[in-house]
Amino acid sequence: MPEVPRKLPELEPLTAFFWTSGADGVLRIQRCGACGRWQHPPQPRCHVCHSEDVAPAPVSGRGTVKTFTINRQAWTPALQEPFVFAAIELAEQPELYVLSNVSGPVEAVHSGMPVQVFFERREDVWLPLFSAEASDA
Amino acid sequence: MPDLPERNVRITGIGQSQVGRPSPKSPLQLTMDAALEAIADAGLRLSDIDGIVNYPVKSSEGGGISPVSAGETMTALGLQCNWLASGSHEGPGHMAAIFEAILAISAGLCRHVLVFRSVAQAQARLSSRESTLLAGSRSRVDGNNAWTVPFNALSPANLWALFAQAYFDKYGYGPEQLGWVAVNGRCNAALNPNAIYRDPITIDDYLTARMISTPLRLYDCDTHIDGSTALIVSAADAARDCRNPPIHIEAIGLTLGGLGYGIHRGDFTCIEAERAGAMLWSRTDLKPRDVDVMQIYDGFSIHTVLWTEALQLVGKGEALAFFDGGERIALTGELPMNTGGGQLSAGRFHGYGHTYEACIQLWGRGGARQVSDAKVSAVCNGGYGYGALLLRTD
């Protein structure tokens, strides 16, 4: 089957770590060294305590599907196959969301489903994608 | 109540070009059609217009999202303006141009402001069907769209589908209820000669239409058009000289936030427009029960659910029970909604169609779609940036 077409993200100073984190197989999210809070998307300071002591830190890569959609419209001619786009709530903190795709059979995806990260490399980007956690299979 | 800038102004005239899909006219021609109609409707001369503002700033992206600038329009009409502005893409929702007109008049910069919204998204899609997608023309995507486009969420439909699914999961409703938003809009559009889709649909038509992005189907999505809508916003004292009984802007509410602004709060079953709703009602003695007719943003059907709750017109989690069956939101119902068809059936004017339709109703010009005794209308627009108006008759 041909590879799913994707327009890749620009590696910007604030966000490049997120898109390349998967090079060693670990997802990283920005965390505040002062108050311990995680935040995504990354910001120059903690959006709660405003400390500048924010840095990428490894996360478990586990989370749950908070909400999702099965895309069925071929927005471009190459986008024929249905796919799941979802808000993943990471295990580290309530309302810490990463938007991504959930792989596997689209009809199996549901809200509350436990998922874990995996990475798909495209050029210099390791896209964090998610699949059903082994225990849920 | 402190001095509120919105009490310093009135809406004195409205105009709308013919709406096409596509239109044979250029975006600037359409803009002039709407502007000239609005100025004449207010009973003003072109020389009376001393301010001009549109939403949003002209874009060269090619998707037809904002093909005409305020300056081009001023020149084409031969206006002699003191003040000109364009609502920011980042402004408080689509109503930014109306809010800016209120502020400019309150600051004494001008007295009669031409406000317009022009779109040419149907023409743009003739040259490329992908022109209205979020991916942009560059080889890589940056900014907020970088969080969605690499995952092939190329349309806002994908994002708002997340809210619809979360809402269904939390409150136990489904497409059988949500579909009435589309059916109601189409029913009303049948009575609006300038609506783009006028053939009535049934709830079965809705449910059997093709799926776009679950749970949103074809008729949950609004439609791109070519056209222009214009309003004249005038200083309250100057409005007395105009032709129409002036429409008061009783209160405004605005706020920003949500997915489009980065860190997302909440569980995807409400929008930050709730703060706009609270602001709106804090600025008036009127109550939600005083609203006779509501023009609720429907870029996607789910917006009407989230917005009617944000404006406290229904209780939290109650919107779909209120919409179910369509009777309560019909023209003869207790709170008629989107009486001109809304964006789902009348076309995507980013809310300016909603404001135009509110004025139609308050001036009693609705003809077959007129709601009897409409004196107060709520209007709201936007996702991510949110704006609301409470309009009332003189």
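Would you check if B:Glu334 is under 22 Å from B:Asp204 (Cα atoms) and part of a loop (DSSP other than H, G, I, E, B)? For B:Glu334, the condition - under 22 Å from B:Asp204 (Cα atoms) and part of a loop (DSSP other than H, G, I, E, B) - is not met.
Can you list the strands (runs of 3 or more DSSP E) found entirely within region A:55-137 that contain at least 3 residues being at pLDDT 95 or above and within 11 Å of chain B (Cβ to nearest Cβ)?
By residue number, A:62-71, A:83-90, A:97-102, A:125-132.
Reported count of residues in region B:285-304, each being within 19 Å of the chain's Cα centre (by Cα) and of a type outside the set (Val, Ile, Thr), is 9.
For region B:207-262, the candidate set comprises residues that are outside any strand (DSSP E or B) and β-branched (Val, Ile, Thr); within that set, the residue that is surrounded by the most Cβ atoms within 10 Å (Cβ to Cβ) is B:Ile225. Checked against (1) under 22 Å from B:Tyr219 (Cβ atoms); (2) charged (D, E, K, R); (3) surrounded by fewer than 20 Cβ atoms within 10 Å (Cβ to Cβ), B:Asp298 meets all criteria but (3).
Would you mind stating whether B:Leu313 is part of a helix (DSSP H, G or I) and of a type outside the set (D, E, K, R)? Taking the combined requirement at face value, the residue does not satisfy it. Only one of the listed residues (B:Gly63, B:Gly51) is under 25 Å from B:Ile360 (Cβ atoms) and either buried (at least 19 other Cβ atoms within 10 Å of the Cβ) or not aromatic (Phe, Trp, Tyr) (or both). That residue is B:Gly51.
The values are calculated or read from the model by the stated rules, or taken from the named source; none is laboratory data. Because the structure is a prediction, the values reported are computed rather than measured. In this analysis, Cβ positions are derived from the backbone assuming ideal geometry, glycine residues included, and neighbour counts consider all displayed protein chains.
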